[in-house]
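A.B. asks: Here it is: the structure, laid out below.
Here, each number is a calculation from the coordinates, and none is a lab measurement. In this text, all values refer to a predicted model and were calculated from it rather than measured experimentally. Every residue, glycine among them, receives a Cβ derived from its backbone with ideal geometry; neighbour counts consider all protein chains shown.
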Amino acid sequence: MPSLFDPIALTPTLSLPNRILMAPLTRGRATREAVPTEVMAEYYAQRADAGLIISEATGISREGLGWPNAPGIWNEEQVEGWKPITDAVHERGGRMVLQLWHMGRMVHSAVTGRQPLAPSPITPPGEAHSYNGKLPFEQPRGATADDIKRVLDDYSRAARNAIAAGFDGVQIHGANGYLIDEFLRSSSNQREDDYGGPIASRVRFLGEVARRVVAEVGVERVGVRLSPNGAVNGCDDPDHIALFNAAATELEKIGIPWIELREPGPQSSFRPTEQQPASPAMRRAFSGKIVLNSDYKLTSAQAKLDEGIADAISFGRTFIANPDLVERLKTGSALNRWDVDTFYTPGPKGYVDYPTLDEAA
Ligand SMILES: Cc1cc2nc3c(=O)[nH]c(=O)nc-3n(C[C@H](O)[C@H](O)[C@H](O)COP(=O)(O)O)c2cc1C
């Protein structure tokens, strides 16, 4: 069985020196116009030893991006803003893909300037982040056929822009209760057309997005993130194993080379759930590489590789706090603890000031 420190060909054109990936992490350090900033280049370059950096979720359109100070990839200024970041990561010997994000009903019009879009007009529970603090979610508009066509065009443009900005590929964000996940799961999708109802129809939108992105940048540059088990942001499904098995089968048909699954357990410190993981069933349906996420430490990560379910592991919060995580895991060194209070705050504090082993010595 491979070790976490062994190389892997994640796709035919993307070889990684190790199997320790940086999970996508929203950090809110872009401008209000969703343009990346200089400090983001420093942050990502510090973490370039990761086998692969998956960027923070990045809006494909103003409609799809409601998180304050999160970055976008729909216009030229944003493409120019990303270039120094991909350059900095490449100069440090790293590799980086961009996570493509449409937040669906999880946005507020106070940020996007328009009514949220979703498969069905069902208001999610809870509150949206905005520049004026948290605001109760609004009722979304159920997407029309024209809306779906327009959103697919937005995915195409965003994928094209990501390559123009120097990324090594893209990851389609199909997880965590955002637009694609809202189409997948029955609690948020009550459509009666070809995009709702039976599982095969609810998987259709994911498949269409994947095909459009593949047509734009080539299948070897495309990965997908899903969160098969556990309710998240009001998205839930009683038959999650059959649903995500169908999703894996669809991605297999398209030839997607890798998927990342955020699969917490009952003891997880991030959205715990009693729902069984779907990854063993998905492993049988999907011949590409599988990256697993949530709460992993050195021993549990290696155990998942040994079981043959995962080909690589992505680490989220541990990468926030440990820019030299690969080195620390390799040498069995202690890990810095993350500071929740600075996850999303502007500026360098809690962002680029976590010490490496060298700095701490
Ligand atoms: C601060 C923060 C920001 C996150 N942002 C994203 C994101 O942009 N996209 C995404 O798919 N998941 C996001 N997640 C989920 C993480 O990628 C990951 O699934 C979660 O942190 C659990 O993994 P861990 O236990 O290794 O931290 C975020 C999590 C945290 C804590």
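A.B. asks: May I ask you to give the average projected area over all directions of the convex hull of the Cα atoms of the chain, in nm² rounded to one decimal?
C.D. replies: 15.9
A.B. asks: While we're looking at this one, here's another question. For region 192-200, in order, what is each residue's ³J(HN,Hα) by Karplus, 6.51 cos²θ - 1.76 cosθ + 1.60 with θ = phi - 60°, in whole Hz (x at glycine and Pro)?
C.D. replies: Values, residue by residue: 10, 9, 5, 9, x, x, x, 3, 4 Hz.
A.B. asks: Let me ask something else about it. Rounded to the nearest whole Å³, what is the per residue volume of the convex hull around the Cα atoms of region 295-361?
C.D. replies: Considering the Cα atoms of region 295-361, their hull volume per residue is 92 Å³.
A.B. asks: Right, here's the next one. How much length would be gained if the chain were fully extended between Thr249 and Ala164, taking 0.36 nm per residue of separation minus their Cα-Cα distance, in nm to one decimal?
C.D. replies: Extra length from Thr249 to Ala164 when fully extended: 27.6 nm.
A.B. asks: At what distance in nm do the modelled label points of Thr13 and Ser109 sit from each other, each positioned 7 Å from its Cα along Cα→Cβ?
C.D. replies: The two pseudo-label positions are separated by 4.2 nm.
A.B. asks: Going toward the positive end of the dipole of the chain, with +1 on Lys and Arg Cβ and -1 on Asp and Glu Cβ, which of Pro2, Ala312, Phe286 do you reach last?
C.D. replies: Positive-end residue among those listed: Phe286.
A.B. asks: Right, next: Please state the relative contact order of the chain as a whole percent: Cα pairs under 8 Å, 6+ residues apart?
C.D. replies: Answer for the chain is 16 percent.
A.B. asks: Within the set of other residues whose C-beta is less than 12 Å from the C-beta of Phe270, count the net charge using Lys and Arg as +1 and Asp and Glu as -1.
C.D. replies: Net of charged neighbours comes to +1.
A.B. asks: Do the alpha carbons of any pairs in Lys149/Lys304; Lys134/Lys297; Lys134/Lys289; Lys134/Lys349; Lys297/Lys349 sit beyond 28 Å of each other, and which pairs?
C.D. replies: Lys149/Lys304; Lys134/Lys297; Lys134/Lys289
A.B. asks: Using θ = phi - 60° and the Karplus form 6.51 cos²θ - 1.76 cosθ + 1.60, what ³J(HN,Hα) does each residue of region 344-361 get, whole Hz, x for Gly and Pro?
C.D. replies: In residue order, the calculated couplings are 10, 7, x, x, x, 5, x, 10, 10, 10, 6, x, 7, 4, 4, 5, 6, 5 Hz.
A.B. asks: Let me ask another. Which trypsin sites (Lys or Arg not before Pro) does region 5-36 hold that lie in a coil by DSSP with at most 12 other beta carbons within 10 Å?
C.D. replies: Passing both the DSSP loop test and the Cβ count: Arg32.
A.B. asks: Add +1 for every Lys or Arg and -1 for every Asp or Glu among the other residues with Cβ under 10 Å from the Cβ of Ile122, and state the total.
C.D. replies: 0
A.B. asks: Could you calculate the contour length gain from Ser269 to Ala360, that is, 0.36 nm times the residue separation minus the distance between their Cα atoms, to one decimal place in nm?
C.D. replies: Gain on stretching Ser269 to Ala360: 30.1 nm.
A.B. asks: While we're looking at this one, here's another question. Collect residues whose amide H, placed 1.01 Å from N in the peptide plane, falls under 5 Å from the amide H of Lys289; neighbours closer than 5 in sequence don't count.
C.D. replies: HN-HN under 5 Å from Lys289: Trp258, Ile259.
A.B. asks: Sticking with this one: Extending each Cα 7 Å along its Cβ direction at Ala215 and Tyr131, get the distance between those two points in nm, one decimal.
C.D. replies: 3.6
A.B. asks: Describe numerically, in nm with one decimal, the distance between label points set 7 Å from Cα along Cα→Cβ at Gln139 and at Glu80.
C.D. replies: In this crude spin-label approximation the distance works out to 4.3 nm.
A.B. asks: Please give me, ordered by residue number, the chymotrypsin sites (Phe, Trp or Tyr not before Pro) of region 250-291 that lie in loop per DSSP and have at most 16 other Cβ atoms within 10 Å.
C.D. replies: Listed in order of number, the matching sites are Phe270.
A.B. asks: Now for a different question. Please report, in debye to the nearest 20, how large the charge dipole of region 80-228 is about its Cα centre when each Lys and Arg carries +1 at its beta carbon and each Asp and Glu carries -1 there.
C.D. replies: 100
A.B. asks: Anything in the chain that counts as a DSSP H helix reaching 30 Å or more along its axis (C-alpha) with Kyte-Doolittle mean of at least 1.6? List them, would you?
C.D. replies: none
A.B. asks: For Arg92 and Arg32, calculate 0.36 nm times their separation in residues minus their Cα-Cα distance, and state this gained length in nm to one decimal.
C.D. replies: 18.8 nm
A.B. asks: Around Phe183, under 13 Å between beta carbons, what's the net of Lys plus Arg minus Asp minus Glu among the other residues?
C.D. replies: Spelling it out: positives minus negatives among the neighbours equals -3.
A.B. asks: Same structure again: Which whole-number percent gives the relative contact order of region 149-224, counting Cα pairs below 8 Å spaced six or more residues apart?
C.D. replies: 38
A.B. asks: Where does the chain land at 222 nm, in deg cm²/dmol rounded to the nearest 500, when only DSSP H runs of n ≥ 4 count, each adding -39500 (n - 2.57), divided by all residues?
C.D. replies: Result for the chain: -9500 deg cm²/dmol, rounded to the nearest 500.
A.B. asks: Just for the chain, what percent of DSSP beta bridges are antiparallel, to the closest 5?
C.D. replies: 20
A.B. asks: Report, in whole Å, the centroid distance computed from the Cα atoms of region 276-326 and region 107-128.
C.D. replies: Centre-to-centre distance over Cα atoms comes out at 32 Å.
A.B. asks: May I ask you to list the aspartates and glutamates whose Cα is less than 16 Å away from that of Lys83, ignoring any residue fewer than eight positions away on the same chain?
C.D. replies: Excluding near neighbours in sequence, the set is Glu38, Glu42, Glu56, Glu91, Asp168.
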